Protein chains: 6
Amino acid sequence: MRRGLYIGRFQPYHLGHEAVLQKIADEVDEIVVGLGSAQASHTLENPFTAGERISMIWPSLRGLDVTCYVIPLWDIARNAVWVSHVRAMTPNFEVVYSNNPLVVQLFAEAGVEVMRPPLYRREVYSGTAIRRMILSGDEAWMRLVPFSVLSVIEEIGGIERLKNVSRSDDS
Amino acid sequence: MRRGLYIGRFQPYHLGHEAVLQKIADEVDEIVVGLGSAQASHTLENPFTAGERISMIWPSLRGLDVTCYVIPLWDIARNAVWVSHVRAMTPNFEVVYSNNPLVVQLFAEAGVEVMRPPLYRREVYSGTAIRRMILSGDEAWMRLVPFSVLSVIEEIGGIERLKNVSRSDDS
Amino acid sequence: MRRGLYIGRFQPYHLGHEAVLQKIADEVDEIVVGLGSAQASHTLENPFTAGERISMIWPSLRGLDVTCYVIPLWDIARNAVWVSHVRAMTPNFEVVYSNNPLVVQLFAEAGVEVMRPPLYRREVYSGTAIRRMILSGDEAWMRLVPFSVLSVIEEIGGIERLKNVSRSDDS
Amino acid sequence: MRRGLYIGRFQPYHLGHEAVLQKIADEVDEIVVGLGSAQASHTLENPFTAGERISMIWPSLRGLDVTCYVIPLWDIARNAVWVSHVRAMTPNFEVVYSNNPLVVQLFAEAGVEVMRPPLYRREVYSGTAIRRMILSGDEAWMRLVPFSVLSVIEEIGGIERLKNVSRSDDS
Amino acid sequence: MRRGLYIGRFQPYHLGHEAVLQKIADEVDEIVVGLGSAQASHTLENPFTAGERISMIWPSLRGLDVTCYVIPLWDIARNAVWVSHVRAMTPNFEVVYSNNPLVVQLFAEAGVEVMRPPLYRREVYSGTAIRRMILSGDEAWMRLVPFSVLSVIEEIGGIERLKNVSRSDDS
Amino acid sequence: MRRGLYIGRFQPYHLGHEAVLQKIADEVDEIVVGLGSAQASHTLENPFTAGERISMIWPSLRGLDVTCYVIPLWDIARNAVWVSHVRAMTPNFEVVYSNNPLVVQLFAEAGVEVMRPPLYRREVYSGTAIRRMILSGDEAWMRLVPFSVLSVIEEIGGIERLKNVSRSDDS
């Protein structure tokens, strides 16, 4: 039984994530999806709560024929203990899938096998790009995410939320 | 679609929890299992990590014919914001199942429907009782938990861990 | 202009506190009332939120003919920096009024003048005693607090809250 | 009895804040002044401690003929629980006055009535603008704040403090 | 080059600690002395600050002919990441010397070699016992600690501090 | 006996630090070296752990003929209590040596004597400059640090670490 860890912030979850998960599903028996910055929400970088992101991801995981765990991981301001933190919150895993240089570095220093999944059309499928499109009113982002994400964002008024939190203030 | 939240520390998960989940499964379409004190481990009250507890619970959830989410909830030392904390970490739920007086009080003050699931032979099926049996060497505890719990505890050397962390020290 | 600091948790505020404040009002021009453990609520030791405690205290301060500031002070788990913490949250004060040995010790080490206000019938007027009376159903506690406290506790269902949070649980 | 919440960082308190408070005083019976980022001080964005800011604000509140509470609110890095945090620290309020988009969004999601007070000559009466003027040596800022602010800033050596904390360093 | 880690709270440092360090000095080239609960002070269990404890320990380390590092370690409420925390704060070590069951368990789970130093007359040389003697006025404790500890405790008024913080209070 | 405090982040320790310490050694009997941002590592600003930095600094301190303490200081997000934090973690000191404007301001407000050590060829001997050289592949940095720093950085693969953590990511 081989288990893989895949970490992302999923702000929001998009078809690029889905494509990577499908590739990982060919290589392992179970996938632990680590939801990074779980404590964050209502910011430009992290507009959605962990619960909202779980609701976005879950339906798409049903499409995979491997068992998937979705585990919120809150940030700790200590890179040196972060790997232990992740391990304590997750079932054992043998391999980590990530393209985040810091994540790769920290697991590599801890002696954990790390694989870099091929990025699926990164220039298009990126959370940053999608948030920018939402802010600029470019509705093309709707074709970059699965339906579950559209319905969650509509249900919570996510577009208006993102626009509001993107405006700063000082009085 | 009706979703219920069931919160426990599951130190360890036992057949009493399983019986309650089966009853809840008759009343809702999806169950969110909140794993309390997720940050805690290696103590007398909380010997097992969140990841270990997830590995204990997961196989038993497969037996239920409703969708189950297992979500680690770390403690925050602020009862007044605890309900918001739980809501931010979980998919929306309509009802909370709990017999913990504090949990019941906090959700009731927040206007959330709370139901008290019938406890299944509480005097026997209790985490505290099981930890005491493990410490005293009474192997009867092994009949109070599902097989997945036995195998996790054996794999991690959980019995020795519990005995070690139960002994305090001052030098 | 002489300003005094008086610190308490006020769980709940009672006539003993009021008597002490009246004595302090004779000695200083302004009183800073520090509300200790401001972050705590819904526990046996600290059943009421900081906001609820402010609503309990405020009307009784109106009776004093000195200016009073009520300032919530959240706990920091560092006794060695606690005095700096209190000073940063409050207008300057020249003298501290307290009978709490730790508070007295910390301010004394910091070179701040500390006075011990005479306790007003301590055996009766004590937060611990009042919480015990509430839990035991002894309504005599109602004569130990000003009316504002009664109305806040009734409005929030404080008696039931205290009884619920006083019962612990392990499943 | 209608109570309103007005939140600001007041770095420093200025005549624009005072004008807004006077307008709010016409609409409510009591005002809760929430002092944001109470834990912060000695930074470019937040040069003054909560206690110093209270000393700046208090005299100007005496001019209003409504009861005013001044309550330090420390930041919590969890937007999703921030509204509960504020509610736990303050007496009950029916309406929030704010022009901060994040504050408006968070209270709106919580179902709290939010009103946007008309900003009083925002281009001039802004904490950021005043801090810039202080740093650049433009004494015109002194006409933008009440006298109490001038005296506090002089007493604490606030101008030199702001200049020092604005210079960063790496050795 | 072989380096050993020795962890204690040293509340206060006593001749039992000194005897253990002398034994360890025979087995390794360098000793890292980890000062546990470094953030704690002014409590019954932890009366002395980290700085005060360093001043107690330092002179006695000069007597050893191996290099000693004294490193304050603040507590983190996460046993599962504690070993990583200690490693990040200290020079590399090959072996841990401890009789604390939790410390032994955590390092053992992390695959670090742990040795149990022989305790030197434990019933007498114990921080708890010494603090009790100080509280009860039994001056025999003065013969259980090196002179540097006596002078630090006298300089800071440590006896009075311990007595004051040992008395609790509720008003 | 006069003791001086010298604070730095030492990311990495370099010959400029060494030159300053040698000057300080002429003026005091003992030096407390405060290792700032001790909790930080694996970032562009703070690539090295506290333990790694201690291993970098220690050999160079042996060259000084005064006693040196090296004490990790973790950041607290409260400038107003920072001086108390430092004092609680260190042996008493009479004078602080620093060119950091915030450090100077905070100790000055606390009434502690502060001296500004002459910077040794600041444009060259700067942690920021050295990290930039490492990132750009300019090996001239190797002549700006003592040998102990070179060997630690090589042993831990510090160059690759710094390059990896300097690349950000969003998926």
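The values are calculated or read from the model by the stated rules, or taken from the named source; none is laboratory data. Keep in mind the model is a prediction, meaning the values are calculated, not measured. Cβ atoms come from the backbone with ideal geometry, glycine included; neighbour counts cover every protein chain shown. Only protein heavy atoms, including side chains, enter the accessible area calculation; ligands, DNA and RNA are left aside. Shrake-Rupley method; radii C 1.70, N 1.55, O 1.52, S 1.80 Å.
Details
- When C:Gly51 is tested against (1) surrounded by fewer than 24 Cβ atoms within 10 Å (Cβ to Cβ); (2) within 19 Å of D:Ile54 (Cβ to Cβ); (3) free of Cβ contacts under 8 Å to residues at least 12 places away in the same chain, just one condition goes unmet, and that condition is (1).
- Of all residues making up segment F:90-108, the number that are open to solvent by 10 Å² or more (accessible area, probe 1.4 Å), outside any helix (DSSP H, G or I) and either touching a residue at least 24 places away in the same chain (Cβ under 8 Å) or charged (D, E, K, R) (or both): 4
- Unmet criterion (only one of (1) over 17 Å from the mean Cα position of the chain (by Cα); (2) farther than 24 Å from A:Val28 by Cα; (3) within 14 Å of chain E (Cβ to nearest Cβ)) for A:Glu160: (3)
- Search result, residues across segment C:134-149 that are buried (at least 17 other Cβ atoms within 10 Å of the Cβ) and assigned to a loop (DSSP other than H, G, I, E, B): C:Leu144, C:Val145, C:Pro146
- Exclusive hit being assigned to a helix (DSSP H, G or I) and out of contact with any Pro (no Cβ under 9 Å at 6 or more places or on another chain), set E:Glu155, E:Glu123: E:Glu155
- Conditions (1) exposed (fewer than 14 other Cβ atoms within 10 Å of the Cβ); (2) away from chain C (no Cβ under 14 Å); (3) over 26 Å from E:Arg87 (Cβ atoms): number failed by F:Gly111: (2)
A quick yes/no check of all residues on (1) part of a strand (DSSP E or B); (2) more than 20 Å from D:Ile57 (Cβ to Cβ); (3) under 16 Å from the mean Cα position of the chain (by Cα):
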{"position": "C:Ala19", "(1), (2), (3)": "no, yes, yes"}
{"position": "C:Ser37", "(1), (2), (3)": "no, yes, yes"}
{"position": "C:Glu45", "(1), (2), (3)": "no, yes, yes"}
{"position": "C:Ser60", "(1), (2), (3)": "no, yes, yes"}
{"position": "C:Tyr69", "(1), (2), (3)": "yes, no, yes"}
{"position": "C:Ala77", "(1), (2), (3)": "no, yes, no"}
{"position": "C:Val83", "(1), (2), (3)": "no, yes, no"}
{"position": "C:Ala88", "(1), (2), (3)": "no, no, no"}
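- Of B:Glu123, B:Glu109, all but one fail to be at pLDDT below 95 and acidic (Asp, Glu); the exception is B:Glu123.
- The residues listed here are D:Arg161, D:Arg131; of these, the one that is in a helix (DSSP H, G or I), in contact (Cβ under 8 Å) with a residue 40 or more places away in the chain, within 30 Å of D:Leu5 (Cα to Cα) and open to solvent by less than 40 Å² (accessible area, probe 1.4 Å) is D:Arg131.
- Residue within segment C:152-161 that is farther than 30 Å from B:Gly36 by Cα and basic (Lys, Arg) present: no
- Residue count for segment E:1-17 under the criterion of being surrounded by fewer than 20 Cβ atoms within 10 Å (Cβ to Cβ), part of a loop (DSSP other than H, G, I, E, B) and at pLDDT 95 or above: the result is 1.
- Inside segment E:61-103, residues that are facing chain A (nearest Cβ under 10 Å) and polar (S, T, N, Q) make up a count of 2.
- Scan of segment B:140-157 for residues that are in contact (Cβ under 8 Å) with a residue 60 or more places away in the chain, within 17 Å of the chain's Cα centre (by Cα) and closer than 14 Å to B:Phe48 by Cβ, ordered by number: B:Val145, B:Ser148, B:Val149, B:Val152, B:Ile153
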